[in-house]
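The values are calculated or read from the model by the stated rules, or taken from the named source; none is laboratory data. Everything numeric here is computed off the predicted structure, so don't read it as measured data. All Cβ positions, even for glycine, are placed from backbone atoms using ideal geometry, and neighbour counts span all protein chains on display. All accessible areas refer to the heavy atoms of the entire protein, side chains included, with ligands and DNA or RNA removed. Shrake-Rupley method; radii C 1.70, N 1.55, O 1.52, S 1.80 Å.
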Amino acid sequence: MPRVLLLLPTTSYRTEAFLDAAVQVGVDVTVASEQANTLGHLNPAALLTLDFNDPQSAAQRVCAFARRYAIDAVVPVDSQVVEVGATIAAALGLRHNSIDSARCAGDKHHARQRFQRAGVPAPAFSLCSFDEDRAALAARIPYPCVIKPLSGAGSQGVMRADGPTQFVPAVDRLAAILKCASTAPHEPPAPREFLVEQFVGGPEVALEGLLTEGALKTLALFDKPDPLDGPFFEETIYVTPSRLDDATQQRIARCAQQAACAIGLTDGPVHAELRLPPGGPSVIEVNPRSIGGLCSRVLRFGTGLSLEELIIRHALQEHQELPRLQGQPAGVMMIPIPRAGKLGEIRGLDEARGVSGIEGVTISAHLGQTLVPLPEGAQYLGFLFARAESSTAVEAILRAAHACLEFVIDP
Amino acid sequence: MSTAEISITGEPISEATCRFTVDRPVYPDKSFAFLNKEKAEGSPLAERLFAIDGISRVIIAHDQVTVNKTVAGEWPGIGRSIGIVIREHLATGDPAVSDAVWEDMPSSDEIRASVQQVLDSEVNPSVAEHGGVIRLIDVQENRVYIQMGGGCQGCGQADVTLKFGIENSIRASVPEVAEILDVTDHAAGRNPYYTPSKK
């Protein structure tokens, strides 16, 4: 039976989805995390500990492990393990994205440089230092702009500024966010640089795809009906299939393909986010990973395959015609954290579950949890899942179910 | 019953394993794993399946028959033979699994004691490092119900701990156990060791 190495950070939302998929595919699994499982000593073939911040040492460790338990595929499940995944795959001689492309995808500045060189439409950008005089920097930046960390996901630390009076506090705030994050165990030191991008207006979409030897096949295109105009960029509703016309969808797919090619990505999942200003699609992000949170639950392909099953089978190089997304429109709402505090009580769960068309309500935050909203926060309260006869109906169902929920948050 | 009326879908889940789903119950609401040919003696369907060259393991569960093979060869060829055996068996009206297999099975109380021993000696001392605890809630026939508490309840890694830690330990010591079911209300966990975050 083939063995798949799942690179699974201990704080991943994707654990259950990938483990269930591995069972469905029928493979042996080794789970590698950055911290030891307390039962790891009882099952050393299945539970491995790796330093995700040191790809070379992780690759050496996996190579030694693979001499005893042969590994047939490496699947990194989140952004933070993309580079280590590529390094391990290269050391084992398995088909995968190159280390260079994986590293580039994880660095927003390098990725944008490659977009620029390849002529991929993307926001104008400049690399800035926290050591620069912020008032002087604010005076020469074009507005409106978006301030971003060089790495990360989920819009953590991403802020819009419409002028110098917003820019300086936003940079101060980003510096504090990165400093705080760097104090956590196993985290590298806080970076000294950040990215300032031109704010690009218009609706936003997310493309989910799979690369095979450089060719990108779109698996699903999601509309994001809630405007993402700042000051923070909280993602909420995703609905597929997109309501955009076919020509626009094709332009989006071509743009995502160009962006993946510019970075050098060749194999595996791709999650791309694009803005749609009047002049045509503009690439915001292209990452060699699948959609985050629990969002993939709404996707079913062919006879019922999950996105994670497709990814594992693809990593195993099982030759297959990629199945089509199942027909009925579906959507997910990532429930935003409305304010900081401790989660005291959740009301209206039964009512939300009772909304016609709702397939599931999952609360991923726990009672008593300290909630931190964007831009500092990196968590969701939970997820709503819906399916209906049209994408418009899916969106309405998600909003109706969300309106049933009340989160009591104690200061 | 005409064997032609019986619909069977084969789904290879690996080179070694294929699951056959039948359009009607084969062993209603029950499951049994035949880990070798000797164990199949007296159970008509399992005996017939083991008579096919290269079959190494058979699991019969409600409307599914999962078969492992050790020989080379594509599933479609072997699958046809398996389909014929399943159809012929159903046409006889005989039970798929002999009640006698359960006679060799340890009692629920014996399984309960063995599982509790594994939890006490191997599992709980380790998960306690993260403030966790695994409780044995019930054993029904060879089906085990457990509950994860403390740091394990609602933990982002609970599924890994369950599938690769707890299940592995229990099955290694008590091979008669069939399913291990987690009945934890993870959403009610107040102090999970790992909380998911977007990265």
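Every condition in (1) out of contact with any strand residue (DSSP E or B) (no Cβ under 7 Å at 6 or more places or on another chain); (2) modelled with pLDDT under 95; (3) charged (D, E, K, R) is met by A:E235 except one, and the failing one is (1). Taking the criterion of being under 18 Å from B:T184 (Cα atoms) and either surrounded by fewer than 16 Cβ atoms within 10 Å (Cβ to Cβ) or of a type in the set (G, A, S) (or both), the only residue of segment B:111-123 that qualifies is B:Q116. Somewhere in segment B:154-171, is a residue more than 7 Å from chain A (Cβ to nearest Cβ), under 30 Å from A:R347 (Cβ atoms) and outside any helix (DSSP H, G or I)? Within segment B:154-171, one or more residues are more than 7 Å from chain A (Cβ to nearest Cβ), under 30 Å from A:R347 (Cβ atoms) and outside any helix (DSSP H, G or I). Taking A:V75, is it within 14 Å of chain B (Cβ to nearest Cβ) and either in contact with a helix residue (DSSP H, G or I) (Cβ under 9 Å, 6 or more places away or on another chain) or without any contact (Cβ under 8 Å) to a residue 12 or more places away in the chain (or both)? The answer is no for A:V75.
Being closer than 27 Å to B:S107 by Cα and open to solvent by less than 30 Å² (accessible area, probe 1.4 Å) is the filter here, so list the residues in segment B:146-160 that pass it. Give the derivation first.
Step one: of segment B:146-160, the residues closer than 27 Å to B:S107 by Cα are B:146-149.
Across segment B:146-160, the qualifying residues are B:I146, B:M148, B:G149.
Filtering segment A:368-403 down to residues that are open to solvent by 50 Å² or more (accessible area, probe 1.4 Å) and within 20 Å of A:G344 (Cα to Cα), which residue is farthest from the chain's Cα centre (by Cα)? So the residue we want is A:A403. Of all residues in segment B:43-59, those satisfying the criterion of being in contact (Cβ under 8 Å) with a residue 12 or more places away in the chain and either aromatic (F, W, Y) or assigned to a helix (DSSP H, G or I) (or both) are B:P44, B:L45, B:A46, B:R48, B:L49, B:F50.
Answer with yes or no whether B:S108 is within 20 Å of the chain's Cα centre (by Cα) and without any contact (Cβ under 8 Å) to a residue 60 or more places away in the chain. For B:S108, the condition - within 20 Å of the chain's Cα centre (by Cα) and without any contact (Cβ under 8 Å) to a residue 60 or more places away in the chain - is met.
For every residue, the table says whether it meets (1) away from chain B (no Cβ under 13 Å); (2) closer than 30 Å to A:N97 by Cβ.
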{"site": "A:Q320", "(1), (2)": "no, yes"}
{"site": "A:M333", "(1), (2)": "yes, no"}
{"site": "A:V361", "(1), (2)": "no, no"}
{"site": "A:A365", "(1), (2)": "no, no"}
{"site": "A:S390", "(1), (2)": "yes, no"}
{"site": "A:A393", "(1), (2)": "yes, no"}
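Does segment B:52-92 hold any residues that are basic (K, R), closer than 21 Å to B:K39 by Cα and open to solvent by 60 Å² or more (accessible area, probe 1.4 Å), and which are they?
Here is the first cut: in segment B:52-92, the residues basic (K, R) are B:57, B:69, B:80, B:87.
Those left that are additionally closer than 21 Å to B:K39 by Cα: B:57, B:69.
Passing the criteria: only B:R57.
Kindly establish whether B:S56 is assigned by TED's automatic domain parsing to the domain that holds B:S31, small (G, A, S) and in contact with a Lys or Arg (Cβ under 8 Å, 6 or more places away or on another chain). It is true that B:S56 is assigned by TED's automatic domain parsing to the domain that holds B:S31, small (G, A, S) and in contact with a Lys or Arg (Cβ under 8 Å, 6 or more places away or on another chain).
Quick grid of which residues meet (1) away from chain A (no Cβ under 14 Å); (2) among the aliphatic types (A, V, I, L, M); (3) closer than 16 Å to B:I84 by Cα:
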residue: B:G10; (1), (2), (3): no, no, yes
residue: B:P28; (1), (2), (3): yes, no, no
residue: B:N36; (1), (2), (3): yes, no, no
residue: B:L45; (1), (2), (3): yes, yes, yes
residue: B:V58; (1), (2), (3): yes, yes, yes
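May I ask you to list the residues in segment B:32-43 that are surrounded by fewer than 17 Cβ atoms within 10 Å (Cβ to Cβ) and not hydrophobic (A, V, I, L, M, F, W, C)? Within segment B:32-43, B:N36, B:K37, B:E38, B:E41, B:G42 qualify.
Here is the figure for segment A:43-63: residues that are open to solvent by less than 10 Å² (accessible area, probe 1.4 Å) and either closer than 21 Å to A:S290 by Cα or of a type in the set (V, I, T) (or both) total 1. Taking the conditions exactly as written (assigned to a loop (DSSP other than H, G, I, E, B), surrounded by fewer than 21 Cβ atoms within 10 Å (Cβ to Cβ), of a type in the set (A, V, I, L, M) and more than 14 Å from chain A (Cβ to nearest Cβ)), does B:A178 satisfy them or not? So B:A178 fits the description; yes. Taken as a whole, the structure leaves A:E273 outside the set of residues that are surrounded by 15 or more Cβ atoms within 10 Å (Cβ to Cβ), among the acidic types (D, E), in contact (Cβ under 8 Å) with a residue 24 or more places away in the chain and out of contact with any strand residue (DSSP E or B) (no Cβ under 8 Å at 6 or more places or on another chain).
Where residues in segment A:24-42 are surrounded by fewer than 20 Cβ atoms within 10 Å (Cβ to Cβ) and not in a helix (DSSP H, G or I), which of them is nearest to the other protein chains (Cβ to nearest Cβ)?
Taking the candidates together, the pick is A:G26.
Residues that are open to solvent by 40 Å² or more (accessible area, probe 1.4 Å) and modelled with pLDDT of 95 or more within segment A:169-191 comprise A:P169, A:D172, A:R173, A:A176, listed in sequence order.
For segment B:181-194, a tally of residues being open to solvent by 60 Å² or more (accessible area, probe 1.4 Å) and either touching a Gly at 6+ places or on another chain (Cβ under 8 Å) or within 17 Å of B:L35 (Cα to Cα) (or both) returns 4. A search for C-beta distances below 9 Å between a residue of segment A:217-233 that is without any contact (Cβ under 8 Å) to a residue 60 or more places away in the chain and any residue that is open to solvent by 60 Å² or more (accessible area, probe 1.4 Å), counting only pairs 6+ apart in sequence or on different chains, returns A:K224/A:P203; A:P227/A:P203; A:L228/A:P203.
Is segment A:74-86 home to any residue that is in a loop (DSSP other than H, G, I, E, B) and either open to solvent by 20 Å² or more (accessible area, probe 1.4 Å) or acidic (D, E) (or both)?
yes
Apart from one condition, A:C295 fits all of (1) touching a helix residue (DSSP H, G or I) at 6+ places or on another chain (Cβ under 8 Å); (2) closer than 15 Å to A:V77 by Cα; (3) of a type in the set (A, V, I, L, M, F, W, C); (4) open to solvent by less than 20 Å² (accessible area, probe 1.4 Å); the exception is (1).
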